[in-house]
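The values are calculated or read from the model by the stated rules, or taken from the named source; none is laboratory data. All values reported here derive from a predicted model rather than from experimental measurement. With ideal geometry, Cβ positions are generated from the backbone for all residues, glycine too; neighbour counts draw on all protein chains shown. What goes into the accessible areas is simple: the full protein's heavy atoms, side chains included, and nothing from ligands, DNA or RNA. Shrake-Rupley method; radii C 1.70, N 1.55, O 1.52, S 1.80 Å.
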Amino acid sequence: MPYRSLLSILDLTPGEISALLDRAEEYLPRIEAGGFKDTTLKGRSALLLFYEASTRTRTSFELAGKMLGMDTINVSAGGSSVKKGESIRDTALTLNAMHYSVVVMRHAEPDAVALFAGCFERSVINAGSGRGQHPTQALLDALPLRRAGVLRRGKRIAIVGDLAHSRVMRSNLQLLCRLGLDVVLVAPPTLMPDGWSGLKPEHWLVNPAECGSVSWQTDLDAVLPELDAVMMLRVQLERMGEAQFTNMDEYSKLYGLNRRRLKLLPAHAVILHPGPVNRGVEVSEDVFADPRCTINDQVTGGVALRSALLVWACGRQGGAGED
């Protein structure tokens with residue numbers, strides 16, 4: 001089968017999303033038991049090309065590749081020819097000539113990964129593109145939701161926090177709406193994204209009539225009692241100006257998930273955060289002790305999901321137990 005690329009959630013059909021989650025669930029017990037080693041992708045190579053800092057995404061891709069038998073190589077912007085003025089296009093053409101099987105790429109500009117993919121002949125996986133997309137994060141976030149029975153049509157999830165700068169929100173919004181969930185976006189007015197109308201399903205889905213709804217809210221307390229899941233987002237101070245944010249204490253009082261707000265959340269609801277977490281700002285220490293919290297499970301699930309995605313990207317069909 002040919003190599004396949006993932007630049008946004010819209011590159012996947014609902015059936016492909018389900019199949020990737022199925023395969024990730026096959027890998028998950030083996031990863032929870034300490035990891036595995038097989039030869040599913042022996043002879044394939046993955047270049048991790050990160051122009052922005054990353055811990056979870058880069059290390060989980062590296063670990064996933066090594067467990068599957070791939071050769072994995074890390075390159076950061078500081079150690080690449082970008083420092084010498086090389087363009088994204090020329091970088092892609094150079095790496096294409098080296099015949100890497102997969103390039104996993106993160107970049108600060110929203111269109112950079114797509115530009116790179118247009119010049120690279122094999123698989124490109126978007127590991128985060130500016131304020132644009134982070135599709136692998138949305139896929140791994142879907143794992144704990146599915147395991148809790150929440151990833152179903154008609155369920156309701158809130159995405160809370162710094163929406164203006166969040167590629168995680170944009171990818172999750174596409175995935176959740178596509179699978180029929182209703183999404184409510186919660187933030188102070190200064191952190192709502194530009195072009196709200198462009199975030200509605202009718203603007204980016206083939207058949208929006210079958211998709212969940214999107215609504216907007218500035219009052220977190222008002223929505224918590226009716227949720228099946230809540231996703232808290234990191235406050236990205238490095239991307240915002242003073243006019244968008246006053247101080248951490250005020251933000252935490254209005255939009256942080258704390259002991260009082262945990263009581264408003266239904267007993268069955270799932271709590272997520274893509275990380276890294278500003279403890280005491282987006283979530284309090286009480287959240288980590290709550291059995292509804294899946295923040296650490298998301299990290300483990302990330303290795304399983306990215307294992308499944310590398311197999312998919314290389315056009316392989318083997319299951320999690322293939323040697």
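Residues that are touching a helix residue (DSSP H, G or I) at 6+ places or on another chain (Cβ under 8 Å), in a loop (DSSP other than H, G, I, E, B), open to solvent by less than 10 Å² (accessible area, probe 1.4 Å) and of a type in the set (Val, Ile, Thr) do occur in segment 38-58, at least one of them.
Selection over segment 84-136 of residues that are polar (S, T, N, Q) and surrounded by fewer than 24 Cβ atoms within 10 Å (Cβ to Cβ) gives a count of 5. Within segment 173-193, residues that are in contact (Cβ under 8 Å) with a residue 60 or more places away in the chain and more than 17 Å from Leu10 (Cβ to Cβ) reach partners that are open to solvent by 10 Å² or more (accessible area, probe 1.4 Å) and assigned to a strand (DSSP E or B) with beta carbons closer than 6 Å, at six or more positions or on different chains, in the pairs Val186/Gln217. Being closer than 26 Å to Pro276 by Cα, in a helix (DSSP H, G or I) and in contact with a strand residue (DSSP E or B) (Cβ under 9 Å, 6 or more places away or on another chain) is a description that does not apply to Thr91. The single condition among (1) assigned to a strand (DSSP E or B); (2) over 20 Å from the mean Cα position of the chain (by Cα); (3) touching a residue at least 60 places away in the same chain (Cβ under 8 Å) that Asn126 does not meet is (2). Within segment 287-316, residues that are assigned to a helix (DSSP H, G or I) reach partners that are open to solvent by 20 Å² or more (accessible area, probe 1.4 Å) and among the aliphatic types (A, V, I, L, M) with beta carbons closer than 6 Å, at six or more positions or on different chains, in the pairs Val303/Ile31; Val303/Leu63; Ala304/Ile31.
Of the residues making up segment 165-182, those that are under 16 Å from the mean Cα position of the chain (by Cα), open to solvent by less than 10 Å² (accessible area, probe 1.4 Å) and not hydroxyl-bearing (Ser, Thr, Tyr) are His165, Met169, Asn172, Leu173, Leu175, Leu176, Cys177. Out of Gly35, Gly69, Gly15, one residue alone is free of Cβ contacts under 8 Å to residues at least 12 places away in the same chain and either out of contact with any His (no Cβ under 6 Å at 6 or more places or on another chain) or surrounded by fewer than 13 Cβ atoms within 10 Å (Cβ to Cβ) (or both). It is Gly15. Considering segment 275-310, and only residues there that are surrounded by fewer than 18 Cβ atoms within 10 Å (Cβ to Cβ) and among the polar types (S, T, N, Q), the residue that is nearest to Asp22 (Cα to Cα) turns out to be Thr300.
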